[in-house]
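Coordinate-derived values only; no laboratory data. Everything quoted here is computed from the prediction, not taken from an experiment. Here the Cβ positions follow ideal geometry from the backbone for every residue, glycine too, while neighbour counts run over all protein chains shown.
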Amino acid sequence: MTNAAPGATTPDTTGTGTGTNAQTNDGKRDYLPAERQNMILNLLTRQSVATVAELATLLNTTEITVRRDLTALSNAGLIKRVRGGAMSVGDAAEKGAAVPAIANTSFSERTPAGAIAIKPATRTVELGLDQPAIGVMLPEPSFFWPGVIEHMRTYASRLGLRIVTRETAYDIDAHEDEILDDLASDPTVCGVIAAPSSHPAYGRKAWRWIERSDTPVVVIERDLPMLGECFVDSVRTNHPYGVRKAAAHFIKHGHKLIGAAFNDSPTSSMIQEGWRDVVDSTDAFSCPFIFDGIQPYDTKGVNAIVDKIIMSGVTAMLVHSDYLAIAIAQALERRGHRVPEDLSMISIDGFATPSSRPLTVLRSSDKDLAEVALSTLLYRIQNPDAATRHTLVDPNLIDRGSVVDVR
């Protein structure tokens with residue numbers, strides 16, 4: 001329940017007024033609905049955007065009353081509702097060109113970068129403050145995230161937007177709720193793209209913040225909590241389709257016996273589930289073993305994988321991630337087995353291998369993920385009541401010659 005704004009009307013005990021026109025102790029009075037709505041329209045002729053909180057203070061009423069007024073004006077076609085406030089119809093028509101629909105399926109082609117032209121000014125209440133911005137909270141720099149951020153900056157600049165970034169961490173409590181608070185407190189930030197921690201305890205803070213926030217949020221490369229009450233838009237790599245590409249590539253080269261090994265990561269469960277679905281749904285090949293939870297620095301675990309590869313007679317391996325694939329390849333070489341002469345291999349990630357050894361890879365498209373995440377967020381800003389969207393972007397299979405023909 002929304003609390004009354006400061007200065008809200010108290011019951012009249014002086015006999016000077018009753019009902020909705022009662023005067024408050026600070027000299028203000030409650031306005032009739034028609035008066036409030038007229039004041040909202042007048043304000044939106046002077047500034048293109050107003051927030052619910054700003055209007056509640058101006059009109060000396062509660063935020064829930066303001067929302068009712070905005071709904072009435074929006075239904076009449078006089079304003080455009082946005083998350084957390086409203087914008088004038090004229091500004092929406094001039095600045096808010098249609099955003100292309102984003103389907104709840106895979107993106108195999110890149111979303112056209114020039115297809116969006118809006119002024120996402122949900123939070124930019126006072127005109128002329130700064131260029132509107134998108135807040136981005138992603139894990140500490142790694143081989144993947146810097147590319148995503150760079151593509152976001154490029155795409156956003158074409159739309160007249162800035163990108164404001166904050167770093168978090170994988171394995172420590174980075175106080176993500178405080179990071180998100182900091183981003184949202186910037187009056188020029190009109191939406192947030194975030195990758196909450198996958199740690200059960202640390203990530204909970206971010207999800208609670210997202211659930212409570214009026215700021216539009218798109219989650220990138222993360223699944224929503226299974227039984228949580230937080231339902232927001234998400235954009236992720238379509239790993240189940242990616243592993244299908246890997247399986248098809250192996251089969252194309254005659255491989256019938258394929259092993260798999262996966263380490264722990266925020267995306268590993270999705271990759272494993274996709275691979276198990278492929279294995280269970282076909283008789284074109286068999287998978288005699290699947291290792292999971294093995295880290296590349298776990299020498300004992302890596303050697304156990306190599307032992308199984310040699311004893312089972314598999315001709316190919318699907319491995320997540322790059323570093324685990326490299327560790328396995330190095331351990332195999334120490335045992336007299338080489339990739340791809342003795343074992344074909346596809347690695348999932350595809351960012352570390354070019355500088356070390358040429359492995360065929362499934363690589364998430366940092367460019368497509370960046371553009372689709374921004375497109376999704378801008379659509380949400382313009383359409384706050386639209387159904388939640390969960391978009392999957394197909395990874396690319398990059399053939400670097402580590403899968404050989406065994407037919």
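Cross-link reach is defined here as a Cα-Cα straight distance under 18 Å, omitting same-chain residues fewer than 8 places apart; for Lys256 the aspartates and glutamates meeting it are Asp277, Asp280, Asp283, Glu341, Asp342, Asp405. When Lys252, Lys367 are arranged by Cβ crowding within 10 Å, least crowded first, meaning fewest neighbours, the order is Lys252, Lys367. Listed from fewest to most Cβ neighbours within 10 Å, the set Leu359, Leu397 follows the order Leu397, Leu359.
Cross-link reach is defined here as a Cα-Cα straight distance under 13 Å, omitting same-chain residues fewer than 8 places apart; for Lys205 the aspartates and glutamates meeting it are Asp173, Glu176, Asp177, Glu178, Asp181.
Within the straight-line cut-off of under 17 Å between alpha carbons, the aspartates and glutamates reachable from Lys367 are Glu109, Glu150, Glu221, Asp349, Asp394, sequence neighbours fewer than 8 places apart in one chain being disregarded.
For Phe262, Phe285, Phe250, Phe231, what's the fewest-to-most ordering of other Cβ within 10 Å of each Cβ?
Numbers: Phe262 22, Phe285 18, Phe250 25, Phe231 13.
Fewest to most other Cβ atoms nearby, the residues stand as Phe231, Phe285, Phe262, Phe250.
Distance from the alpha carbon centroid of segment 251-275 to that of segment 359-407 works out to 18 angstrom.
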